[in-house]
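> Have a look at this one before I ask anything.
The values are calculated or read from the model by the stated rules, or taken from the named source; none is laboratory data. Remember, predicted model here, so these are calculated numbers, not experimental data. Cβ: placed from backbone, ideal geometry, glycine included. Neighbour counts: every protein chain shown. We work out accessible area using only protein heavy atoms, side chains counted, and drop any ligands, DNA or RNA first. Shrake-Rupley method; radii C 1.70, N 1.55, O 1.52, S 1.80 Å.
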There are 2 protein chains.
Amino acid sequence: MLETTVTLSRLKAFIQEALTKVGLPEQDASTVAGLMAEADLQGSDGHGVTRLPQYVRRIKAGGFNVRPNIRVVHDHLSTAVLNGDNGMGHLVMKRAAEMAIEKARTTGIAWVNSQFSNHAGPASLYASMPLAHDMIGLYFAVGNANHLPPWGGLDMLLSTNPIAAAIPAGDEKPIVLDMATTVAAYGKVKTKALRGETMPEGWMIDRAGKPLTDPKRADEGMLLPLGGMEAGYKGYGLAMVIGLLAGTLGGAAMGRDVIDFNHDDDSVTNTGQAIAAINVAAFGDVAVFKKSVDTLVRDIRNSERMPGVERIRVPGERSFETRVKRTQNGIPVAPALMRGLDQVADDLGIARLA
Amino acid sequence: MLETTVTLSRLKAFIQEALTKVGLPEQDASTVAGLMAEADLQGSDGHGVTRLPQYVRRIKAGGFNVRPNIRVVHDHLSTAVLNGDNGMGHLVMKRAAEMAIEKARTTGIAWVNSQFSNHAGPASLYASMPLAHDMIGLYFAVGNANHLPPWGGLDMLLSTNPIAAAIPAGDEKPIVLDMATTVAAYGKVKTKALRGETMPEGWMIDRAGKPLTDPKRADEGMLLPLGGMEAGYKGYGLAMVIGLLAGTLGGAAMGRDVIDFNHDDDSVTNTGQAIAAINVAAFGDVAVFKKSVDTLVRDIRNSERMPGVERIRVPGERSFETRVKRTQNGIPVAPALMRGLDQVADDLGIARLA
């Protein structure tokens, strides 16, 4: 069965129709659909339309609030906490990013936490929002399922808690880092499962400490923290600190309180994220900064390569390439995913995606 | 030859006398000596008194300014850039931390960059300064020698750029993460060399990509980024982003501009660091936050262990244990280091350390 491709606008329209059908207001459905389709366009395949069946299931089960009253519960000159009222995370974190950008205009930096938010898609989407304002974006999130034990442990008390950073450049593309603090993100595991592929050794281990490579058996194993068997205590430390910053600080779930949204469609997750906007202009001349970033990117790109390496990349470069390619050729949808989306369409009585 | 141990106060007094002898004002010498001795007390052996011979050499060569005019060059409500005037990094970053704490009192968060700073010792020292004010500390630095190539490359354009985070707890000890974005910090390599030990495989590779385990041959090799051969692109991305935040943002050196202070005693390094203070009270009730941190620490500590694992630790726990042990038993000084310190003492005409 061949992989189907769809355009960005068709993908967005499909998601929007589905979300509207299950009760989201038109404007909110459009916002969420736009961000989800953007995720697919840039190659964040674990965070885009692949999540739609689950989102629809959660909404139907009452697990998401489709008419949330998203509101500020703590507000200072450079910080805020936003209560998402269990609405979709995309709505909460878009608003959090906008607040951070607005505050950072005058104070130089701002940091906004969410509580009672939900899964919001790829971290890079939100970290990148300050870029258009010549600001650096930082984003931290508590993952929506605990697949990571502490270093030396078996109890999965931590998630893949990602960190993202977006840094404006001049003539070069911005630098956009988006990484889980595990060797592999759990979304990647799910994508492998959907595609019927096996995982490389080093992504997961089973409870006996042996490599686990069948993504369909993911429930039996644990992710390895960044650093792997050798320096995984660092990835564990990062995951814990990010969880404290994105979750505990804002009064959101962390540790034992995290709801596994892969196995629970109706509990309020109290997901927490944090976004910071850093106003480059507060630190000096913006043009000088951007020129320095350009120089660094070029120095790295043109530096001596190891034998067999075709190109040295900077973080975010591959996503930009994917974006260009998929804008031209369409966004691929794997057969297993398409079957799931067809099911969603049929259930909701809307036109299939393709 | 047996390892000598010294008390914290003796160590501090020795460093202070040496620094005063080479021209630092009494108060500055006391501040730097206090922070350096603290580094040794907590087990940051690569960042304490082991650096004294090099510092003294640099000062004598005119590479450090012993009477710096440390001044604010950009100032906003929640941000600042501090020009260290090529003074010792400890002085610059202590002042940066104090500024960040003061600003965060009213705005909720503050971020201060340094330029024309220098090596300041372990990141955790500065990240921990906000703790006493019920604030979270974050610290980022550009390392003082490029030992890390971009992923897939051979040109060492990046350093071990560390990140540190300190998070206040209630009855538990604060969580203090301090990690280089390479598998191992270069200071650890130097410590191995001083002790005549070999490095484990995975810390460094030579230019042919083969493991390098002799720390005396460190100059021939490159550090591996966090993630190692498998996911090192993540450590590379982190190192780059941290360098941009700690260096480029504040107008300090990054990439090709970084001076290798292991091989250059007199050039101005224009070292950059960044510190953030996050005021927990701006995000909710401080007592509730601390209780949540305590619960997380205990849940992790009491969770199920892998066979053979004696204790599950949280970041910073080992440093606290080392601090207690060395307060009781003294701070060990390896024979090779002691010989170097004796040489410093003899050259300066001051009493030897022990």
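> Only residues that are under 16 Å from residue B:237 (Cα atoms) and β-branched (Val, Ile, Thr): list them for segment B:130-188, please.
Matches in segment B:130-188: B:142, B:160, B:163, B:181, B:182, B:183.
> Something else now. Only residues in segment B:307-324 that are under 14 Å from residue B:40 (Cα atoms) count as the first member; pair them with residues that are at pLDDT below 95 and of a type outside the set (Val, Ile, Thr), Cβ under 8 angstrom, at least 6 apart or cross-chain, and list the lot.
B:319/B:44
> Specify which of the listed residues (A:227, A:237, A:255) is in contact with a Lys or Arg (Cβ under 7 Å, 6 or more places away or on another chain) and either among the hydroxyl-bearing types (Ser, Thr, Tyr) or within 7 Å of chain B (Cβ to nearest Cβ) (or both).
Step by step, each of A:227, A:237, A:255 is checked, and only A:227 is in contact with a Lys or Arg (Cβ under 7 Å, 6 or more places away or on another chain) and either among the hydroxyl-bearing types (Ser, Thr, Tyr) or within 7 Å of chain B (Cβ to nearest Cβ) (or both).
> With closer than 30 Å to residue B:307 by Cα, of a type outside the set (A, V, I, L, M), within 12 Å of chain B (Cβ to nearest Cβ) and touching a helix residue (DSSP H, G or I) at 6+ places or on another chain (Cβ under 8 Å) as the only criterion, which of A:108, A:153, A:143 stands out?
Result of the check over A:108, A:153, A:143: A:153.
> A further question on this structure: Among the residues of segment A:240-252, count how many are of a type in the set (Ser, Thr, Tyr) and either more than 10 Å from every other protein chain (Cβ to nearest Cβ) or within 30 Å of residue B:202 (Cα to Cα) (or both).
Qualifying residue count, segment A:240-252: 0.
> Which residue is nearest to the other protein chains (Cβ to nearest Cβ), if the candidates are limited to segment A:128-138 and must be open to solvent by less than 10 Å² (accessible area, probe 1.4 Å) and in contact with a Pro (Cβ under 8 Å, 6 or more places away or on another chain)?
Only one residue tops the list, namely A:136.
> Given the conditions (1) assigned to a loop (DSSP other than H, G, I, E, B); (2) away from every other protein chain (no Cβ under 12 Å), and given that residue A:201 satisfies all but one, which numbered condition is not satisfied?
Against the list (1) assigned to a loop (DSSP other than H, G, I, E, B); (2) away from every other protein chain (no Cβ under 12 Å), residue A:201 comes up short only on (2).
> If you don't mind, there's one more thing I want to ask. Please specify each residue of segment B:216-243 satisfying the condition of being among the small types (Gly, Ala, Ser), at negative phi and in a helix (DSSP H, G or I).
B:218, B:231, B:232, B:235, B:237, B:239, B:243, listed by residue number.
> All but one of (1) open to solvent by 10 Å² or more (accessible area, probe 1.4 Å); (2) within 13 Å of another protein chain (Cβ to nearest Cβ) hold for residue A:113; which doesn't?
(1) is the only condition that residue A:113 fails.
> Right, another one. Suppose we filter segment A:114-130 for residues that are of a type outside the set (S, T, N, Q) and within 9 Å of residue A:270 (Cα to Cα); how many remain?
1
> Just the residues that are within 11 Å of chain A (Cβ to nearest Cβ) and in contact (Cβ under 8 Å) with a residue 40 or more places away in the chain, please, taken from segment B:66-81.
Listed by number, the residues that qualify are B:73, B:81.
> Search segment A:144-163 for residues being open to solvent by 10 Å² or more (accessible area, probe 1.4 Å) and under 13 Å from the mean Cα position of the chain (by Cα), and hand back the single one that is farthest from residue A:219 (Cα to Cα).
Residue satisfying both the conditions and the ranking: A:163.
> I've got another one for you. More than 26 Å from the chain's Cα centre (by Cα) and within 11 Å of another protein chain (Cβ to nearest Cβ), is that true of residue B:285?
yes
> Now, a different point. Could you check, for segment A:112-130, whether at least one of its residues is without any contact (Cβ under 8 Å) to a residue 24 or more places away in the chain and part of a strand (DSSP E or B)?
no
> Could you please find all residues in segment A:137-196 being among the charged types (D, E, K, R), without any contact (Cβ under 8 Å) to a residue 40 or more places away in the chain and outside any loop (DSSP other than H, G, I, E, B)?
Passing the criteria: only A:192.
> Before we move on, is residue A:301 closer than 13 Å to residue A:175 by Cβ and either over 19 Å from the mean Cα position of the chain (by Cα) or among the aliphatic types (A, V, I, L, M) (or both)?
yes
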